[in-house]
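First the structure, in the form of C-alpha coordinates, and then the observations on it.
The values are calculated or read from the model by the stated rules, or taken from the named source; none is laboratory data. Small disclaimer: the values here were computed from a predicted structure and weren't measured. Glycine also receives a Cβ, built like all others from the backbone with ideal geometry; neighbour counts cover every protein chain displayed. To get the accessible areas, we keep the full protein, side chains included, count just its heavy atoms, and leave off ligands, DNA and RNA. Shrake-Rupley method; radii C 1.70, N 1.55, O 1.52, S 1.80 Å.
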Amino acid sequence: MQGSRGLLVALGLCLGSAQVLFGGLLEETIKKWKEYEEECQRSMGLDPALDTEVYCRRTFDDYACWPDALPGATVQVPCPPYLPWRDQVNTGHAYRKCTENGTWLPYFGNNSFAWRDVSECEEGMAAMQEEVAQLVYFQSMQIVYTVGYSLSLVSLAGAAAIFVYFRRLWDLRHRIHLHLFVSFMLRAVSVLVKDAVLKHQYQTALDPTHAWLEGHHTKVSMACRSTQVFLHYCSGCSYCWLLVEGLYLHALLSASALARNSCLKYYCLFGWGSPVIVVTLWVCGKFFLDNDGCWSENVHMGVWWIIRAPIVAIVVVNFIIFLKVLFHLVCNYRHQQLRFSDSKCRLAKSTLTLLPLLGVHEILFVFMADELTSGTARTVQLFFLLILNSFQGCLLSVLYCFAANEVQRELKISWRKLRRKRPGVEEGSPSLSVVTFLGASEFSRMDPVLTPVAQNKLTNDDTHLELMSNHDPQASPAAERTGD
(Lines give C-alpha, C1' and ligand atoms only; values in the text may rest on other atoms or scores of the structure.)
Protein backbone atom coordinates (compact mmCIF):
# COMPACT_ATOMS: atom_id res chain seq x y z
CA MET A 1 0.00 0.00 0.00
CA GLN A 2 1.38 3.33 -0.97
CA GLY A 3 -0.53 6.50 -1.92
CA SER A 4 -3.22 6.99 0.71
CA ARG A 5 -1.25 5.10 3.31
CA GLY A 6 1.73 7.39 2.78
CA LEU A 7 -0.50 10.44 2.98
CA LEU A 8 -2.00 9.39 6.30
CA VAL A 9 1.35 8.34 7.76
CA ALA A 10 2.71 11.79 6.93
CA LEU A 11 -0.36 13.38 8.44
CA GLY A 12 0.01 11.31 11.59
CA LEU A 13 3.67 12.24 11.93
CA CYS A 14 2.80 15.92 11.54
CA LEU A 15 0.15 15.59 14.23
CA GLY A 16 2.66 14.08 16.64
CA SER A 17 2.14 15.57 20.07
CA ALA A 18 -0.84 17.65 18.92
CA GLN A 19 -3.13 14.64 18.62
CA VAL A 20 -5.49 16.07 21.21
CA LEU A 21 -6.26 19.05 18.99
CA PHE A 22 -5.97 17.41 15.56
CA GLY A 23 -6.69 13.75 16.25
CA GLY A 24 -10.17 14.30 14.84
CA LEU A 25 -8.66 15.35 11.49
CA LEU A 26 -6.77 12.08 11.09
CA GLU A 27 -9.78 10.12 12.30
CA GLU A 28 -12.07 11.87 9.80
CA THR A 29 -9.58 11.28 6.96
CA ILE A 30 -9.40 7.57 7.73
CA LYS A 31 -13.18 7.36 7.82
CA LYS A 32 -13.58 9.10 4.46
CA TRP A 33 -10.82 6.96 2.91
CA LYS A 34 -12.62 3.80 3.98
CA GLU A 35 -15.91 5.05 2.53
CA TYR A 36 -14.15 5.93 -0.73
CA GLU A 37 -12.61 2.45 -0.92
CA GLU A 38 -15.96 0.74 -0.34
CA GLU A 39 -17.63 2.86 -3.03
CA CYS A 40 -14.81 2.03 -5.45
CA GLN A 41 -15.16 -1.70 -4.80
CA ARG A 42 -18.92 -1.51 -5.42
CA SER A 43 -18.50 0.39 -8.70
CA MET A 44 -15.80 -2.01 -9.94
CA GLY A 45 -18.15 -4.91 -9.28
CA LEU A 46 -21.07 -3.33 -11.15
CA ASP A 47 -19.41 -1.69 -14.18
CA PRO A 48 -19.19 -3.95 -17.27
CA ALA A 49 -15.77 -4.89 -18.60
CA LEU A 50 -14.39 -3.50 -21.89
CA ASP A 51 -15.17 -5.52 -25.01
CA THR A 52 -11.54 -6.28 -25.82
CA GLU A 53 -8.93 -8.78 -24.73
CA VAL A 54 -6.05 -6.36 -24.16
CA TYR A 55 -6.70 -3.51 -21.73
CA CYS A 56 -5.61 -2.22 -18.34
CA ARG A 57 -7.73 -3.64 -15.52
CA ARG A 58 -9.66 -1.49 -13.07
CA THR A 59 -8.01 -1.18 -9.69
CA PHE A 60 -7.90 0.69 -6.40
CA ASP A 61 -4.31 1.59 -5.48
CA ASP A 62 -5.09 2.98 -2.01
CA TYR A 63 -5.09 6.48 -3.45
CA ALA A 64 -7.66 6.64 -6.25
CA CYS A 65 -10.16 4.42 -8.04
CA TRP A 66 -9.05 3.67 -11.60
CA PRO A 67 -11.42 2.32 -14.29
CA ASP A 68 -10.57 0.02 -17.19
CA ALA A 69 -8.43 1.68 -19.88
CA LEU A 70 -7.66 0.94 -23.53
CA PRO A 71 -4.01 0.41 -24.54
CA GLY A 72 -2.14 3.68 -25.01
CA ALA A 73 -4.79 5.76 -23.22
CA THR A 74 -4.18 8.26 -20.45
CA VAL A 75 -6.81 7.96 -17.71
CA GLN A 76 -7.81 10.84 -15.48
CA VAL A 77 -9.93 10.66 -12.32
CA PRO A 78 -10.99 13.46 -9.94
CA CYS A 79 -8.87 14.08 -6.87
CA PRO A 80 -10.01 11.75 -4.05
CA PRO A 81 -12.69 13.28 -1.80
CA TYR A 82 -11.03 12.15 1.43
CA LEU A 83 -8.12 14.59 1.09
CA PRO A 84 -8.24 17.17 3.93
CA TRP A 85 -7.60 19.93 1.35
CA ARG A 86 -10.19 18.62 -1.13
CA ASP A 87 -11.87 22.04 -1.43
CA GLN A 88 -8.63 23.53 -2.74
CA VAL A 89 -8.24 20.91 -5.51
CA ASN A 90 -11.86 20.16 -6.41
CA THR A 91 -11.11 20.81 -10.10
CA GLY A 92 -7.88 18.78 -10.18
CA HIS A 93 -7.31 15.26 -11.48
CA ALA A 94 -4.94 12.35 -11.00
CA TYR A 95 -3.52 10.62 -14.10
CA ARG A 96 -2.35 7.13 -15.15
CA LYS A 97 -1.17 5.69 -18.47
CA CYS A 98 -2.04 2.36 -20.00
CA THR A 99 0.76 0.80 -22.11
CA GLU A 100 0.25 -0.87 -25.48
CA ASN A 101 0.49 -4.34 -23.96
CA GLY A 102 -2.44 -3.68 -21.61
CA THR A 103 -0.59 -2.99 -18.36
CA TRP A 104 -0.36 0.15 -16.32
CA LEU A 105 2.82 2.15 -16.92
CA PRO A 106 5.30 1.19 -14.17
CA TYR A 107 7.03 3.72 -11.98
CA PHE A 108 10.58 4.10 -13.39
CA GLY A 109 10.70 0.47 -14.50
CA ASN A 110 9.54 -0.88 -11.11
CA ASN A 111 6.65 -3.19 -11.92
CA SER A 112 5.60 -3.27 -8.26
CA PHE A 113 4.29 0.30 -8.44
CA ALA A 114 2.30 1.94 -11.21
CA TRP A 115 3.14 5.48 -12.31
CA ARG A 116 0.64 8.21 -11.63
CA ASP A 117 0.60 12.00 -11.68
CA VAL A 118 -1.12 13.54 -8.64
CA SER A 119 0.43 17.01 -8.84
CA GLU A 120 -3.00 18.62 -9.31
CA CYS A 121 -4.21 17.00 -6.09
CA GLU A 122 -1.36 18.18 -3.90
CA GLU A 123 -1.82 20.95 -1.39
CA GLY A 124 -0.26 24.32 -2.17
CA MET A 125 3.17 24.90 -0.68
CA ALA A 126 2.13 28.14 1.07
CA ALA A 127 -0.89 26.51 2.68
CA MET A 128 1.21 23.51 3.68
CA GLN A 129 3.84 25.71 5.34
CA GLU A 130 1.11 27.59 7.22
CA GLU A 131 -0.40 24.34 8.50
CA VAL A 132 3.02 23.03 9.55
CA ALA A 133 3.67 26.24 11.48
CA GLN A 134 0.27 25.93 13.15
CA LEU A 135 0.95 22.30 14.08
CA VAL A 136 4.30 23.26 15.61
CA TYR A 137 2.55 25.98 17.62
CA PHE A 138 -0.04 23.58 18.99
CA GLN A 139 2.63 20.99 19.68
CA SER A 140 4.45 23.54 21.84
CA MET A 141 1.19 24.45 23.52
CA GLN A 142 0.53 20.82 24.37
CA ILE A 143 3.96 20.52 25.98
CA VAL A 144 3.15 23.55 28.14
CA TYR A 145 -0.24 22.32 29.27
CA THR A 146 1.14 18.83 29.92
CA VAL A 147 3.69 20.42 32.25
CA GLY A 148 0.88 22.45 33.83
CA TYR A 149 -1.33 19.45 34.51
CA SER A 150 1.62 17.45 35.82
CA LEU A 151 2.60 20.22 38.26
CA SER A 152 -1.02 20.62 39.30
CA LEU A 153 -1.34 16.91 39.93
CA VAL A 154 1.74 16.79 42.15
CA SER A 155 0.93 19.96 44.10
CA LEU A 156 -2.72 19.02 44.57
CA ALA A 157 -1.74 15.57 45.83
CA GLY A 158 0.52 17.19 48.45
CA ALA A 159 -2.20 19.66 49.46
CA ALA A 160 -4.79 16.90 49.75
CA ALA A 161 -2.43 14.84 51.92
CA ILE A 162 -1.98 17.82 54.27
CA PHE A 163 -5.74 18.33 54.61
CA VAL A 164 -6.25 14.63 55.35
CA TYR A 165 -3.36 14.36 57.82
CA PHE A 166 -4.11 17.34 60.06
CA ARG A 167 -7.37 16.77 61.92
CA ARG A 168 -7.67 20.42 62.93
CA LEU A 169 -8.19 21.23 59.25
CA TRP A 170 -11.28 19.02 59.06
CA ASP A 171 -13.81 21.84 59.13
CA LEU A 172 -16.35 22.30 56.34
CA ARG A 173 -14.30 24.87 54.41
CA HIS A 174 -11.23 22.67 54.18
CA ARG A 175 -13.29 19.60 53.37
CA ILE A 176 -14.80 21.42 50.41
CA HIS A 177 -11.27 22.46 49.37
CA LEU A 178 -10.21 18.81 49.64
CA HIS A 179 -13.00 17.65 47.32
CA LEU A 180 -12.10 20.43 44.89
CA PHE A 181 -8.45 19.35 44.91
CA VAL A 182 -9.39 15.72 44.25
CA SER A 183 -11.65 16.71 41.35
CA PHE A 184 -8.82 18.72 39.77
CA MET A 185 -6.44 15.81 40.29
CA LEU A 186 -8.85 13.51 38.42
CA ARG A 187 -9.19 16.12 35.69
CA ALA A 188 -5.41 16.27 35.23
CA VAL A 189 -5.18 12.47 35.17
CA SER A 190 -7.98 12.23 32.58
CA VAL A 191 -6.26 14.71 30.26
CA LEU A 192 -2.89 12.97 30.50
CA VAL A 193 -4.49 9.53 30.00
CA LYS A 194 -6.43 10.76 26.98
CA ASP A 195 -3.27 12.14 25.39
CA ALA A 196 -1.46 8.83 25.92
CA VAL A 197 -4.35 6.76 24.53
CA LEU A 198 -4.77 8.94 21.44
CA LYS A 199 -1.04 8.91 20.74
CA HIS A 200 -0.89 5.12 21.02
CA GLN A 201 -4.03 4.67 18.94
CA TYR A 202 -2.88 6.73 15.96
CA GLN A 203 0.66 5.44 16.07
CA THR A 204 -0.70 1.90 15.99
CA ALA A 205 -3.09 2.67 13.16
CA LEU A 206 -0.28 4.18 11.11
CA ASP A 207 2.26 1.47 11.85
CA PRO A 208 3.38 -0.05 8.50
CA THR A 209 3.41 -3.54 10.07
CA HIS A 210 -0.14 -3.10 11.34
CA ALA A 211 -3.01 -4.44 9.24
CA TRP A 212 -4.70 -1.44 7.63
CA LEU A 213 -7.68 -0.42 9.81
CA GLU A 214 -7.93 -3.95 11.21
CA GLY A 215 -9.75 -3.69 14.52
CA HIS A 216 -9.58 0.10 14.32
CA HIS A 217 -13.21 0.72 15.24
CA THR A 218 -13.05 -1.78 18.11
CA LYS A 219 -10.08 0.03 19.60
CA VAL A 220 -11.84 3.35 19.17
CA SER A 221 -14.92 2.19 21.01
CA MET A 222 -13.09 0.40 23.82
CA ALA A 223 -10.21 2.77 24.53
CA CYS A 224 -10.63 6.19 23.00
CA ARG A 225 -14.32 6.55 23.77
CA SER A 226 -13.75 5.44 27.34
CA THR A 227 -11.17 8.16 27.83
CA GLN A 228 -13.62 10.70 26.38
CA VAL A 229 -16.30 9.66 28.88
CA PHE A 230 -13.80 9.72 31.76
CA LEU A 231 -12.52 13.15 30.70
CA HIS A 232 -16.00 14.67 30.51
CA TYR A 233 -16.94 13.23 33.92
CA CYS A 234 -13.79 14.52 35.65
CA SER A 235 -14.12 17.90 33.98
CA GLY A 236 -17.76 18.10 35.05
CA CYS A 237 -16.82 17.25 38.65
CA SER A 238 -14.20 20.01 38.74
CA TYR A 239 -16.74 22.58 37.52
CA CYS A 240 -19.36 21.36 40.01
CA TRP A 241 -16.93 21.73 42.92
CA LEU A 242 -16.00 25.20 41.71
CA LEU A 243 -19.71 25.99 41.97
CA VAL A 244 -19.81 24.44 45.45
CA GLU A 245 -16.99 26.80 46.49
CA GLY A 246 -19.00 29.70 45.13
CA LEU A 247 -22.19 28.59 46.87
CA TYR A 248 -20.32 28.18 50.15
CA LEU A 249 -18.89 31.70 49.89
CA HIS A 250 -22.36 33.03 49.17
CA ALA A 251 -23.78 31.08 52.10
CA LEU A 252 -21.20 32.60 54.44
CA LEU A 253 -22.01 36.09 53.23
CA SER A 254 -25.74 35.62 53.71
CA ALA A 255 -25.49 33.45 56.87
CA SER A 256 -27.36 30.72 55.02
CA ALA A 257 -27.95 27.19 56.26
CA LEU A 258 -25.72 25.98 53.41
CA ALA A 259 -22.72 26.92 55.58
CA ARG A 260 -23.42 24.14 58.08
CA ASN A 261 -21.43 20.92 58.38
CA SER A 262 -24.56 18.87 57.74
CA CYS A 263 -24.69 20.24 54.19
CA LEU A 264 -21.46 18.51 53.18
CA LYS A 265 -23.33 15.37 52.09
CA TYR A 266 -25.50 17.46 49.77
CA TYR A 267 -22.44 19.17 48.38
CA CYS A 268 -20.84 15.76 47.73
CA LEU A 269 -24.01 14.48 46.08
CA PHE A 270 -24.03 17.48 43.76
CA GLY A 271 -20.29 17.60 43.12
CA TRP A 272 -19.80 13.91 42.34
CA GLY A 273 -23.30 12.82 41.36
CA SER A 274 -24.66 15.44 38.98
CA PRO A 275 -21.86 14.92 36.38
CA VAL A 276 -22.93 11.26 36.19
CA ILE A 277 -26.36 12.33 34.95
CA VAL A 278 -24.95 14.79 32.42
CA VAL A 279 -22.34 12.37 31.05
CA THR A 280 -24.91 9.55 30.84
CA LEU A 281 -27.22 11.74 28.75
CA TRP A 282 -24.25 12.73 26.57
CA VAL A 283 -23.24 9.09 26.02
CA CYS A 284 -26.81 8.19 25.01
CA GLY A 285 -26.92 11.14 22.61
CA LYS A 286 -23.58 10.19 21.09
CA PHE A 287 -24.55 6.54 20.72
CA PHE A 288 -27.85 7.20 18.97
CA LEU A 289 -27.19 10.45 17.08
CA ASP A 290 -23.43 10.92 16.59
CA ASN A 291 -21.84 7.49 16.92
CA ASP A 292 -18.69 8.07 14.87
CA GLY A 293 -15.03 7.56 15.63
CA CYS A 294 -13.66 8.52 19.01
CA TRP A 295 -16.60 10.79 19.95
CA SER A 296 -14.19 13.72 19.78
CA GLU A 297 -15.94 15.39 16.84
CA ASN A 298 -19.03 17.50 17.54
CA VAL A 299 -21.12 16.93 14.43
CA HIS A 300 -24.48 16.99 16.17
CA MET A 301 -24.23 20.19 18.20
CA GLY A 302 -27.33 19.41 20.25
CA VAL A 303 -25.46 16.48 21.78
CA TRP A 304 -22.43 18.67 22.51
CA TRP A 305 -24.57 21.19 24.37
CA ILE A 306 -25.60 18.48 26.81
CA ILE A 307 -22.05 18.83 28.13
CA ARG A 308 -21.54 22.50 27.35
CA ALA A 309 -24.74 24.00 28.79
CA PRO A 310 -24.12 23.03 32.47
CA ILE A 311 -20.55 24.37 32.25
CA VAL A 312 -21.76 27.69 30.86
CA ALA A 313 -24.35 27.92 33.64
CA ILE A 314 -21.75 27.20 36.35
CA VAL A 315 -19.31 29.78 34.98
CA VAL A 316 -22.03 32.45 34.84
CA VAL A 317 -23.31 31.71 38.38
CA ASN A 318 -19.79 31.76 39.83
CA PHE A 319 -19.08 35.04 38.07
CA ILE A 320 -22.19 36.57 39.68
CA ILE A 321 -21.07 35.29 43.09
CA PHE A 322 -17.61 36.72 42.42
CA LEU A 323 -19.08 40.16 41.73
CA LYS A 324 -21.20 39.96 44.87
CA VAL A 325 -18.18 39.04 47.00
CA LEU A 326 -16.20 41.95 45.58
CA PHE A 327 -19.11 44.28 46.32
CA HIS A 328 -19.12 43.19 49.97
CA LEU A 329 -15.35 43.65 50.18
CA VAL A 330 -15.54 47.17 48.77
CA CYS A 331 -18.29 48.09 51.23
CA ASN A 332 -16.29 46.63 54.11
CA TYR A 333 -13.10 48.47 53.19
CA ARG A 334 -15.01 51.72 52.94
CA HIS A 335 -16.62 51.11 56.31
CA GLN A 336 -13.17 50.57 57.81
CA GLN A 337 -12.20 53.97 56.41
CA LEU A 338 -8.98 52.65 55.01
CA ARG A 339 -6.75 54.78 52.87
CA PHE A 340 -7.45 54.48 49.17
CA SER A 341 -4.08 52.85 48.49
CA ASP A 342 -4.56 50.23 51.25
CA SER A 343 -8.11 49.49 50.16
CA LYS A 344 -7.05 49.20 46.53
CA CYS A 345 -4.18 46.85 47.37
CA ARG A 346 -6.29 44.58 49.59
CA LEU A 347 -9.08 44.45 47.01
CA ALA A 348 -6.59 43.52 44.29
CA LYS A 349 -5.19 40.68 46.42
CA SER A 350 -8.68 39.42 47.21
CA THR A 351 -9.64 39.53 43.54
CA LEU A 352 -6.55 37.65 42.38
CA THR A 353 -6.97 34.92 45.00
CA LEU A 354 -10.66 34.42 44.23
CA LEU A 355 -10.14 34.09 40.45
CA PRO A 356 -8.82 30.50 40.44
CA LEU A 357 -11.19 29.40 43.23
CA LEU A 358 -14.26 30.32 41.21
CA GLY A 359 -12.86 29.78 37.70
CA VAL A 360 -13.76 33.35 36.78
CA HIS A 361 -11.25 33.48 33.92
CA GLU A 362 -13.51 31.30 31.79
CA ILE A 363 -16.16 34.01 31.60
CA LEU A 364 -13.98 35.62 28.91
CA PHE A 365 -14.64 32.79 26.47
CA VAL A 366 -17.74 31.09 27.84
CA PHE A 367 -19.95 32.40 25.04
CA MET A 368 -17.37 31.77 22.31
CA ALA A 369 -18.53 28.34 21.15
CA ASP A 370 -15.94 26.16 19.44
CA GLU A 371 -17.95 25.94 16.23
CA LEU A 372 -18.21 29.75 16.01
CA THR A 373 -14.52 30.59 16.37
CA SER A 374 -11.68 30.13 13.91
CA GLY A 375 -8.35 31.62 12.93
CA THR A 376 -6.74 34.02 15.40
CA ALA A 377 -9.74 34.06 17.74
CA ARG A 378 -9.63 30.27 18.02
CA THR A 379 -5.88 30.31 18.64
CA VAL A 380 -6.18 32.91 21.42
CA GLN A 381 -9.10 31.04 22.99
CA LEU A 382 -7.21 27.74 23.04
CA PHE A 383 -4.08 29.37 24.40
CA PHE A 384 -5.75 31.00 27.39
CA LEU A 385 -8.10 28.14 28.24
CA LEU A 386 -5.56 25.33 27.90
CA ILE A 387 -2.77 27.14 29.74
CA LEU A 388 -4.87 28.69 32.51
CA ASN A 389 -6.89 25.53 33.12
CA SER A 390 -3.78 23.37 33.27
CA PHE A 391 -2.09 25.55 35.93
CA GLN A 392 -5.30 26.31 37.84
CA GLY A 393 -4.87 23.32 40.15
CA CYS A 394 -1.33 24.39 41.01
CA LEU A 395 -2.55 27.90 41.91
CA LEU A 396 -5.34 26.48 44.06
CA SER A 397 -2.98 24.27 46.03
CA VAL A 398 -0.58 27.16 46.68
CA LEU A 399 -3.14 29.81 47.58
CA TYR A 400 -5.53 27.68 49.61
CA CYS A 401 -3.15 25.21 51.22
CA PHE A 402 0.58 25.89 51.21
CA ALA A 403 0.21 29.66 51.66
CA ALA A 404 -2.70 29.51 54.13
CA ASN A 405 -1.84 30.51 57.70
CA GLU A 406 -3.80 27.61 59.18
CA VAL A 407 -1.72 25.12 57.21
CA GLN A 408 1.54 26.89 58.01
CA ARG A 409 0.60 26.87 61.69
CA GLU A 410 -0.03 23.13 61.64
CA LEU A 411 3.21 22.49 59.78
CA LYS A 412 5.16 24.58 62.29
CA ILE A 413 3.59 22.70 65.22
CA SER A 414 4.46 19.36 63.62
CA TRP A 415 7.97 20.59 62.87
CA ARG A 416 8.52 21.64 66.48
CA LYS A 417 7.24 18.30 67.74
CA LEU A 418 9.54 16.48 65.34
CA ARG A 419 12.53 18.54 66.42
CA ARG A 420 11.85 17.81 70.10
CA LYS A 421 11.93 14.09 69.32
CA ARG A 422 15.28 14.34 67.52
CA PRO A 423 18.22 13.81 69.87
CA GLY A 424 20.95 16.43 69.97
CA VAL A 425 18.81 19.24 68.54
CA GLU A 426 18.20 22.26 70.69
CA GLU A 427 14.78 23.88 70.66
CA GLY A 428 16.03 27.31 69.74
CA SER A 429 18.62 26.33 67.17
CA PRO A 430 18.21 28.15 63.83
CA SER A 431 17.30 26.15 60.74
CA LEU A 432 16.09 26.76 57.22
CA SER A 433 13.05 24.88 56.00
CA VAL A 434 10.08 25.20 53.72
CA VAL A 435 7.98 26.15 56.75
CA THR A 436 10.42 28.91 57.69
CA PHE A 437 10.37 30.22 54.13
CA LEU A 438 6.59 30.20 53.89
CA GLY A 439 6.20 31.80 57.28
CA ALA A 440 8.44 34.68 56.25
CA SER A 441 6.91 35.08 52.79
CA GLU A 442 4.40 37.57 51.59
CA PHE A 443 1.78 34.83 51.55
CA SER A 444 1.60 34.91 55.36
CA ARG A 445 0.44 38.51 55.19
CA MET A 446 -2.21 38.10 52.55
CA ASP A 447 -5.66 39.64 52.67
CA PRO A 448 -8.07 38.24 55.30
CA VAL A 449 -10.20 36.79 52.53
CA LEU A 450 -7.78 33.87 52.53
CA THR A 451 -5.73 34.04 55.71
CA PRO A 452 -7.81 35.70 58.42
CA VAL A 453 -6.07 33.82 61.21
CA ALA A 454 -3.17 36.23 60.77
CA GLN A 455 -5.54 39.19 60.85
CA ASN A 456 -6.41 39.41 64.53
CA LYS A 457 -7.26 43.08 64.26
CA LEU A 458 -10.51 42.58 62.37
CA THR A 459 -13.39 44.61 63.77
CA ASN A 460 -16.90 43.42 64.44
CA ASP A 461 -17.94 44.95 61.13
CA ASP A 462 -15.79 42.37 59.33
CA THR A 463 -18.01 39.45 60.31
CA HIS A 464 -18.66 38.46 56.72
CA LEU A 465 -14.93 38.34 55.99
CA GLU A 466 -14.40 36.06 58.98
CA LEU A 467 -17.21 33.84 57.80
CA MET A 468 -15.72 33.65 54.32
CA SER A 469 -12.33 32.42 55.36
CA ASN A 470 -11.59 32.09 59.06
CA HIS A 471 -13.49 29.01 60.10
CA ASP A 472 -16.65 27.08 59.61
CA PRO A 473 -19.45 28.42 61.87
CA GLN A 474 -20.28 24.87 62.89
CA ALA A 475 -16.70 23.75 63.48
CA SER A 476 -15.93 22.19 66.80
CA PRO A 477 -13.87 24.11 69.38
CA ALA A 478 -11.13 21.55 69.01
CA ALA A 479 -10.64 22.64 65.45
CA GLU A 480 -9.69 26.12 66.54
CA ARG A 481 -6.98 25.25 69.05
CA THR A 482 -3.62 26.59 68.06
CA GLY A 483 -1.47 25.07 70.74
CA ASP A 484 0.51 21.86 70.56
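Checking the Cα-Cα distances for K199/K286; K265/K349; K32/K286; K32/K194; K34/K97 against a 29 Å cut-off, the pairs over it are K265/K349.
At R0 = 35 Å, how high is the FRET efficiency between N101 and E38 if r is their beta carbon distance? Nearest 0.05 is fine.
It comes out at approximately 0.65.
Less than 18 Å from a label point 7 Å out along the Cα-to-Cβ axis of F288: which backbone N atoms in the range 298-314 qualify, by residue? Those under the cut-off are 299-307.
Nonpolar atom fraction for the range 248-289, defined as the carbon and sulfur part of the 1.4 Å probe accessible area, stands at 76 percent.
Ranked by the mean number of other Cβ atoms within 10 Å of their residues, highest first, the peptides 308-317, 388-397 fall in the order 388-397, 308-317. A DSSP coil position with no more than 13 other Cβ atoms inside 10 Å describes none of the chymotrypsin sites (Phe, Trp or Tyr not before Pro) in the range 161-205. Loop-located trypsin sites (Lys or Arg not before Pro) in the range 219-273 (DSSP state other than H, G, I, E, B) with a sparse environment of at most 16 neighbouring Cβ atoms within 10 Å: R260.
Between A313 and S414, the contour length at 0.36 nm per residue exceeds the alpha carbon distance by 32.1 nm. The modelled label-to-label distance between S112 and V164, using points 7 Å beyond Cα along the C-beta direction, is 5.7 nm.
Annotation: peptides 234-241, 345-352, 76-83, ranked by per-residue average of other Cβ atoms within 10 Å with the highest first, follow the order 234-241, 76-83, 345-352. Selection among L198, L153, I176 by position relative to the dipole of the range 137-203 gives I176 as farthest towards the positive end (Cβ unit charges, Cα centre). Cross-link reach is defined here as a Cα-Cα straight distance under 23 Å, omitting same-chain residues fewer than 8 places apart; for K421 the lysines meeting it are K412.
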